[in-house]
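No value in this document is a laboratory result; all are computed from the given coordinates. None of the values given here were measured: they were computed from a predicted structure. Positions of Cβ are backbone-derived with ideal geometry, glycine not excepted, and every protein chain shown enters the neighbour counts.
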Amino acid sequence: MKRGKPFPNGSVFVFDLLEARKKDDSLVEGPRKLLGVMERDIRRFAKTGGWGFEAFAGDTTQRVVKDPETQCFSCHESQSDHWYVFSTYRQ
């Protein structure tokens with residue numbers, strides 16, 4: 001990410017989406033809403049830009065992605081200039 005080059009096969013991103021709660025005029029971490037995972041494999045996931053997508057509900061192993069093309073890639077497609085990844089390197 002720092003070099004600004006495509007991610008190699010085997011790259012994995014994990015996204016931990018937590019509920020935000022207000023406490024004492026601050027936002028604090030609440031329970032996990034979703035754990036998202038992206039895996040880079042250009043051949044296996046050719047239809048979705050070389051990325052496999054999965055997500056798990058809360059603190060469970062319950063899978064929530066039924067159709068990665070419509071549930072995930074349809075949004076990630078807007079980031080094709082960044083190899084379909086929303087995150088960027090910040091210094």
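Things to note:
- Across segment 70-78, coupling constants 3J(HN,Hα) worked out from phi with the 6.51/-1.76/1.60 Karplus curve, θ = phi - 60°, read 8, 7, 10, 5, 4, 7, 5, 4, 5 Hz, and Gly and Pro carry x.
- Couplings 3J(HN,Hα) of segment 43-53, computed from phi: 7, 5, 10, 4, 6, 10, x, x, 10, x, 10 Hz, in residue order, whole Hz [Karplus 6.51 cos²θ - 1.76 cosθ + 1.60, θ = phi - 60°; x for Gly and Pro].
- Note on Lys2: aspartates and glutamates with a C-alpha under 16 Å away, same-chain residues under 8 apart excluded, are Asp81.
- Rounded to the nearest 20, the size of the Cβ-charge dipole of segment 5-53 about its Cα centre is 300 debye, with Lys and Arg at +1 and Asp and Glu at -1.
- In this structure, the amide hydrogen of Lys33, modeled 1.01 Å from its nitrogen in the peptide plane, lies closer than 5 angstrom to those of Leu17, Leu18, Glu19, counting only residues at least 5 positions away or on a different chain.
- Loop trypsin sites (Lys or Arg not before Pro), the chain, which have at most 15 other Cβ atoms in a 10 Å radius of their Cβ (DSSP): Lys2, Arg3, Arg43, Arg44, Lys66, Arg90
- Charge dipole magnitude, Cβ of K and R +1, D and E -1 - the chain, Cα centre, debye nearest 20: 300 debye
- Across Lys5/Lys47; Lys5/Lys66; Lys22/Lys66, pairs whose alpha-carbon gap is larger than 28 Å: Lys5/Lys66; Lys22/Lys66
- Phe86 versus Val37: modelled label distance in nm, points set 7 Å from Cα along the beta carbon direction: 1.9 nm
- The chain: projected area of the alpha-carbon convex hull, averaged over directions, in nm²: 7.5 nm²
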